1. When you scan the stretch 97-110, how many residues do you find that are among the small types (Gly, Ala, Ser) and not in a helix (DSSP H, G or I)?
2. Out of everything in the stretch 68-96 that is in a helix (DSSP H, G or I) and touching a helix residue (DSSP H, G or I) at 6+ places or on another chain (Cβ under 9 Å), what residue ends up being surrounded by the fewest Cβ atoms within 10 Å (Cβ to Cβ)?
3. Hey, can you tell me all the residues within the stretch 101-145 that are within 17 Å of Thr5 (Cα to Cα), surrounded by fewer than 16 Cβ atoms within 10 Å (Cβ to Cβ) and under 13 Å from the mean Cα position of the chain (by Cα)?
4. Please pick out the residue among Ser72, Ser104 that is on the phi < 0 side of the Ramachandran plot, of a type in the set (S, T, N, Q) and modelled with pLDDT of 95 or more.
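The values are calculated or read from the model by the stated rules, or taken from the named source; none is laboratory data. Every value quoted in this text rests on a predicted model; they were computed, and no experiment measured them. Neighbour counts are summed over all protein chains in view; Cβ atoms, including those assigned to glycine, are modelled from backbone coordinates with ideal geometry.
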Amino acid sequence: MFSRTHDDTQGTPLPTEWLQECKKMLESAYKLPCKKLNKYFEVYGEVYIDELVFMVSIQDRDNITAIPTTISLSVAISDKSDNKAILDNMVDATGIIIDDVFASKEEDDIFVLSWTELTIKKLTMFYKITRENILLTIEANKLLS
């Protein structure tokens, strides 16, 4: 469960096409740093009745057991929200955070373990930066369901 506000509720996965588009945008924008650091992105997202969650894991290309750096963002939504437009803004916010992650000299200094408020383009969202392996969490949730 990745929600900031729904600890015990399973979200609905975001459309694959949206996530692929987000991943392509990030890969294009961060092609050189990813190549230099031997990293790649995995993207995930879920929608809840009143929340949109977007997550990006920065993975090690050569070591699948390496612990990733994961950026999670959460935005409150309503039935009138344009979720695609909100997701685009979340990707922009993720880019700002990725800039900080890649620029950081001390890896331990980048983590923000509790949800922290951030406003970008007049959109209030919350983010955290953790070592969570989203893929493993998804697989574990499948086994437990």
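1. Residues that pass the stated criteria total 1.
2. Lys84
3. Across the stretch 101-145, the qualifying residue is only Trp115.
4. Testing whether each residue is on the phi < 0 side of the Ramachandran plot, of a type in the set (S, T, N, Q) and modelled with pLDDT of 95 or more leaves just Ser72.
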